[in-house]
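What follows is calculated from the coordinates using simple rules that are stated; it is not laboratory data. Since the structure is predicted, the reported quantities are computational estimates derived from the model, not experimental observations. Because the Cβ atoms are built from the backbone with ideal geometry, glycine has one as well, and the counts that use them run over all protein chains shown.
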Amino acid sequence: MSSVIDTMRSRLSLLAPESLDIIDESAAHAGHEGAKNGGHYRLRIVSAQFAGKGTVARHQAVYGALGDLMRERIHALSMVTQTPDEAGAKQNP
């Protein structure tokens, strides 16, 4: 059985990410009531597919790609969604 992060990476490949970082923060939430129903993750994804889309549409695209993981194996997901231009601007202010 693959890890949640491996499955997330596979599913997010639909968004053709140029960069994808996923951090499992579940250990920091041990004992939290919701932690029983899935892990806590931090995601940063850079994709040209986000061009011309607002934050809500970008997040919906991520949720759509992750599908049932959001109901079954992910309790909390913090995310940063950027286009390549946005990511480059943050690196080279």
- Between residue 80 and residue 7, what is the FRET efficiency for a Förster distance of 22 Å, r being their Cβ-Cβ separation, to the nearest 0.05? 0.65
- Report, in debye and to the nearest 20, how large the dipole of the stretch 4-86 comes out about its Cα centre when Lys and Arg carry +1 and Asp and Glu carry -1 on their Cβ. 180
- Item | Interchain or long-range residues, amide H under 5 Å from residue 80's placed H | 43, 44, 45
